[in-house]
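To start, the structure itself, in structure tokens.
Please treat every number below as a calculation from the coordinates, not as lab data. These figures come from a predicted structure and were not determined experimentally. With ideal geometry, Cβ positions are generated from the backbone for all residues, glycine too; neighbour counts draw on all protein chains shown.
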Amino acid sequence: MGRLVVVSNRVPVPDKKGTAPAGGLAVALQSALEARGGLWLGWSGQSCGEDAIGPLKTLKDGNIDYALTDLTEKDVEEYYHGFANRVLWPICHYRLDLAEYGRREMAGYFRVNRFFASRLLPLIEEDDLIWIHDYHLIPLAAELRRQGVKNRIGFFLHIPWPAPDVFLTMPVHEELLTSLTAYDVIGFQTVHDRENFADCLARQGLSRRLGESRFSVGERTFTAKPYPIGIETEAFAALARRAGETTLHRRMLQSLDGKSLIIGVDRLDYSKGLTQRIDAFETFLTRHPDNQRQVTLLQITPKSRSEVPEYEAMQRAVAEQAGRVNGALGTVDWVPIRYVNRSLRRPALAGLYRMAKLALVTPLRDGMNLVAKEYIAAQNEEDPGVLLLSRFAGAAAELKEAVLVNPYDVEGTADAMARSLAMPVEERRERWKGLMATLRKNDVFVWCDGFLTDLAGATLPRIRAAS
Ligand code: F6P
């Protein structure tokens, strides 16, 4: 198998201590590249004036070479804040009402993809397998093909692919769909996402379906298949076991003073269902008042994409809502919701997951949701906690033994919280065993191997400039 070249918008470059920032996509890919050796190219996170774009910034860490490019302020505004996060993100999460179309942003998105292609081109070697990630970079393979690249190129979408009636509302849907056909393998989180994609192709009459996962467009054939992403199951479980010895763990236990911990960990994003979750928690406390003063919800919610107006508005809304619930139900010595707007390091998170009797993973729509998987991996097998999981997270397709809820149904979710907290230990163990078996069977290495095996085996693309 040739060298692996990964391209993604964000690159989790290790800091001086060699620690990479946490996050699902980051953790998954770093393990893969470290094991195989390769190159990871992406945005440096820095923006500059039009004339100030310098050469790539490079760095080597173990088996991984990193290459980072700056973008101009205009690029970041149009490609990242504009089209990726104000059109593709809301559309893929079924929020047509939040999509803000602008010709300038659309043009910026395609321009920056061309720019990424020009930065990658001189670094590509003949046998490289190129693996492009996520919605920021959908047209990248088409750009590379236009510039003569013949390597095998794969694409993995970490977020949901919506139903055709939603996707086709986007003015540039045709260009996006066509550019995807320049890949050899297109990976989705779930069968449902792949079928939505296939329905979009069929609706547009763009391709022929040759088999469950094989499609053809003109002379090209490609694979479109679900590869549900996993975590480093055993490593995360070990991290959680060790966390009991830390000062943070002791301080947290002390501050709980015998109360049960409920945990939620999400980027501050409207797709995560935070307002519905807080409503459900408040309803749970009022409908099941025995739980008042007996439980604490720790909601860890790092701010995200604050330059995008919808996110800025949400920051205020969620903070006010948490404050209102605390004001209405809290007492002098009990705060129902501890609301924290910062990210924690992975060992600290693993320990908190292990301590929590219940995890609330209730997005309105989510590609996979690795918090759900990490929570399960972190549990103590003798006395495991319960995972309350939205039906609309990709993880629900795999994690059948979780307590599945509809996050739009506030009262139903509130009652599920009460049932979960009262669940007998035998049932918790039984559910956890099933969940853990799934996580062991389909960890991040299986995900990565599955995708790369298909990509390496893909028929070499016939050379045809993608239109
Ligand atoms: O998992 C989806 C994703 O958009 C990743 O591509 C991204 O790195 C992460 O969420 C965080 O978002 P952002 O890079 O916009 O801060």
- Show me 387-399, 139-151 ranked by packing, highest mean number of other Cβ atoms within 10 Å first. 387-399, 139-151
- Would you list which lysines come within 17 Å of K400, measuring only between C-alpha atoms, while excluding same-chain residues fewer than 8 positions from it? K373, K433, K441
- Report, for the chain, the % of DSSP beta bridges that are antiparallel, rounded to 5. 20 percent
- Sorted by Cβ density within 10 Å, fewest first, the residues C48, C200: C48, C200
- Inverse mean reciprocal Cα-Cα distance (Kirkwood Rh) of the stretch 387-456, Å: 13.8 Å
- The alpha-carbon center of the stretch 246-305 and that of the stretch 341-379 are separated, in whole Å, by 12 Å
- Label-point separation (nm) for E34 and E77, each offset 7 Å from Cα along Cα-to-Cβ? 4.0 nm
- Item | Cα coordinate range in the stretch 278-422, projected on the principal axes (Å, largest first) | 40, 36, 31
- Assertion target for Y66, Y101, Y353, ordered by fewest C-beta neighbours within 10 angstrom first, is Y101, Y66, Y353
- Query: Of K272, K441, how do they rank once you tally other Cβ atoms within 10 Å and put the fewest first?
  - Reply: K441, K272
- Item | Nearest-ten-degree value, helix 274-287 long axis tilted from longest Cα axis of the chain | 20 degrees
- Item | Projected-area mean, the stretch 30-144, by convex hull of Cα positions, square nanometres | 8.0 nm²
- Item | Difference of contour (0.36 nm per residue) and Cα-Cα distance, V403 to W334 | 22.1 nm
- Taking a temperature of 25 °C and a viscosity of 0.890 mPa s, what whole-number D in µm²/s does Stokes-Einstein yield for the chain with Rh from Kirkwood over alpha carbon pairs? 106 µm²/s
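Hey, with R₀ at 41 Å, roughly what FRET efficiency would A52 and M423 work out to, going by the Cβ-Cβ distance, to 0.05?
E between A52 and M423, to the nearest 0.05, is 0.10.
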- Query: DSSP beta bridges in the stretch 154-227, what fraction antiparallel, as a percent rounded to 5?
  - Reply: 45 percent
- Message: Along the Cα→Cβ direction, 7 angstrom out, place labels at V191 and S260. What is the inter-label distance in nm?
- Response: 3.4 nm
- How high is the FRET efficiency from R111 to L210, r the C-beta distance, R0 25 Å, rounded to 0.05? 0.15
- Subtracting the Cα-Cα distance of R316 and R104 from 0.36 nm times their residue separation yields 73.4 nm
- Task: Starting from the alpha-carbon convex hull of the stretch 264-324, give the projected area averaged over all orientations, in nm².
- Result: 4.1 nm²
- Query: 222 nm [θ] for the chain, helices only, -39500 (n - 2.57) per DSSP H run of 4+, per residue, to 500?
  - Reply: -12000 deg cm²/dmol
- Item | Extension gain, N326 back to D127 (0.36 nm per residue minus Cα-Cα distance, nm) | 65.8 nm
